[in-house]
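Reading through the structure tokens given below for one structure.
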Amino acid sequence: MKNASDAIAHPDKLEQGFGLIEIIVSMFLLALLAVAFLPVLIQSMKVTATNVTIAAATQLVSQDIEDARTKGSVCANLEAYVAETIPPVIDGRGVSIQVHRQPVVCPSAAAGYPTSVRLSVYATRTGDATQLAGATTLVSVSARS
């Protein structure tokens, strides 16, 4: 049983639990930690956004190369495909991506066939020359036209 004389003899027993100062100090330390991690969080969000755009550009380049392979084994068809105008594509974040194709060089002499021609495709942001993704492949062709 506790009485007044016990409280006077042992004053430290009355101080149980957390005090107001301890709570304020712990809140301050928690706020400091949150502010310290904020730049890391912002940077990771920026990197994630960039990776989404690069992944979309890579997928567009891959799809374009596969489309070129479906044009048949005639080099003139491949040249016509490469010369087509490609409209820009908007990715899931609203970034406009433009796919570009390098011209292919087909042998003019019939003796040069069958052969393979180099096809290069790359993607940029619309209005920007910085390449997001690119690929080069060889496409097998059996005739000029």
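The values are calculated or read from the model by the stated rules, or taken from the named source; none is laboratory data. Nothing here was measured: the structure is a model prediction, and the numbers come from that model. So basically every Cβ, Gly included, is an ideal-geometry build from the backbone, and we count neighbours across all protein chains shown.
Worth pointing out:
- Cβ-Cβ distances below 7 Å connect the following pairs, each with a first residue in the stretch 71-95 that is without any contact (Cβ under 8 Å) to a residue 60 or more places away in the chain, a second residue that is part of a loop (DSSP other than H, G, I, E, B), and a separation of six or more residues or different chains: Asn77/Lys71; Glu79/Val104; Glu79/Cys106; Tyr81/Lys71; Val82/Pro103; Val82/Val104; Pro88/Thr126.
- The numbered conditions (1) at pLDDT 95 or above; (2) within 30 Å of Gly112 (Cβ to Cβ) are all true for Leu78 except (1).
- Sole exception among (1) among the polar types (S, T, N, Q); (2) free of Cβ contacts under 8 Å to residues at least 12 places away in the same chain; (3) part of a helix (DSSP H, G or I) for Gln16, by number: (3)
- Picking from residues in the stretch 95-107 that are in contact with a Leu (Cβ under 7 Å, 6 or more places away or on another chain) and modelled with pLDDT of 95 or more, the one that is surrounded by the most Cβ atoms within 10 Å (Cβ to Cβ) is Ile97.
- Filter pass, Thr70 being closer than 25 Å to Arg118 by Cβ, out of contact with any strand residue (DSSP E or B) (no Cβ under 7 Å at 6 or more places or on another chain) and of a type in the set (Val, Ile, Thr): yes
Residue by residue, here is whether (1) surrounded by 15 or more Cβ atoms within 10 Å (Cβ to Cβ); (2) over 27 Å from the mean Cα position of the chain (by Cα); (3) not acidic (Asp, Glu) holds:
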site: Ala109; (1), (2), (3): no, yes, yes
site: Val117; (1), (2), (3): yes, yes, yes
site: Val121; (1), (2), (3): yes, no, yes
site: Thr130; (1), (2), (3): no, no, yes
site: Ala133; (1), (2), (3): yes, no, yes
site: Ser142; (1), (2), (3): no, yes, yes
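- Some residue of the stretch 70-92 being of a type in the set (Lys, Arg), over 22 Å from Thr126 (Cα atoms) and surrounded by fewer than 16 Cβ atoms within 10 Å (Cβ to Cβ): no
- One residue from Gln63, Gln98 being part of a helix (DSSP H, G or I) and under 30 Å from Lys46 (Cα atoms): Gln63
- Members of the stretch 49-70 that are within 11 Å of Ala133 (Cβ to Cβ), without any contact (Cβ under 8 Å) to a residue 60 or more places away in the chain and polar (S, T, N, Q): Gln59
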